[in-house]
Amino acid sequence: MKKKYQNMFFLFGVVMLVIMLTQLDFGQVWDGLRSAGYWFFAVVALWAVLYVFNTATWYVIIRSGSKEKPPVGFFWLYKVTVSGFALNYTTPCGLMGGEPYRIMALSPKIGAERASSSVILYAMTHIFSHFIFWLLSILIYLATEPLGVGVGVMLAAAGAFCSAGVWFFLKGYKKGMAVRLMNVIRRVPGAKRWARGFIERHREQLDTVDRQIAALHNQNRRSFAAAVLLELACRFLSAFEIMFCLLVLGGDVDFARCVLILAFTSLFANLLFFIPLQLGGREGGFAMSAAGLSLTAGAGVFVALIVRLRELIWTAVGLLLINMEKKKA
């Protein structure tokens, strides 16, 4: 990647990180850290492991596109993965920051078209695993929690939404997603002319990307299954973050409830995808999900604070890795 683009990504991320730090109540942060103690370090370390799962998913996707081993080291890909998520955290609409960075970082090694298809495939798999996770969480709720009329209606609506999401992505896997996404953008007011011109100029490249996307699902079923299962396992393992936080508060901690809190919060926060780091949305999701599962609102706020601090730390780590790669280049 050219140095000027690395500088651009790095400076943008730093500016957004500083803005987010100014939104914190440092007195509340200090009290939260003192209460969490060593469990906070366990939360931060947990995500070092979870990013290995994310990297493994992307690595499987990259390898599925060629019979030869790609010239990409796993540790280098791990650094790009962490940096990509850091940019996603700081960017409105999430994927508009990290995915371009990943494509530009990977293109010199495997070519722009393969890099684009692998990044789009990874983003699709990441989102697709969320929909499956939410559907499985609905089943867990039905098996473990009492069901009222209001909750039943909400679960039915969530189930319909997630089922529609699974159907949409399965269609995208079979036929490709690049052209479909550009056609969606073409209907956005203010972007019609640009999208139409982009499609006309890059029709061949977009078709190539779509063929490569469809190849993973249609020809490499094992790679497709492995990628989805790795991301789904990452979703469930990330519930340990909530468990570690609740252990600080004492009392019985049920892993199934931690999964439900994570599922409801992530669904609520992703509906507010246009807010950088889902500021406010994640905190509201934790508070509501904790209250819905008979936990105190204070417990939800405490978990939200620890998760927010963890995200800020890993955002800083990701930006630092971009800067280190820039100096190396």
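The values are calculated or read from the model by the stated rules, or taken from the named source; none is laboratory data. This is a predicted model, so every value here is computed, not measured. Glycine gets a Cβ as well: all are built from the backbone with ideal geometry, and neighbour counts include every protein chain shown. For accessibility, only protein heavy atoms count, side chains too; no ligands or nucleic acids. Shrake-Rupley method; radii C 1.70, N 1.55, O 1.52, S 1.80 Å.
Below, the figures for the structure above:
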| quantity | calculated |
| --- | --- |
| Condition check for PRO92: over 21 Å from VAL228 (Cα atoms), at pLDDT below 85 and surrounded by fewer than 17 Cβ atoms within 10 Å (Cβ to Cβ) | yes |
| Within the range 95-181, helices (runs of 4 or more DSSP H) holding 3 or more residues that are open to solvent by 30 Å² or more (accessible area, probe 1.4 Å), in contact with a Gly (Cβ under 9 Å, 6 or more places away or on another chain) and within 28 Å of ASN220 (Cα to Cα) | 112-144 |
| Members of the range 292-314 found to be at pLDDT 70 or above and open to solvent by 30 Å² or more (accessible area, probe 1.4 Å), listed by number | VAL301, ILE313 |
| Test: ARG221 is over 20 Å from PHE169 (Cα atoms) and modelled with pLDDT under 80 | no |
| Index of the failed condition, PHE255 passing every other in (1) loosely packed, with under 15 Cβ neighbours inside 10 Å; (2) within 19 Å of TRP134 (Cβ to Cβ); (3) at pLDDT below 75 | (3) |
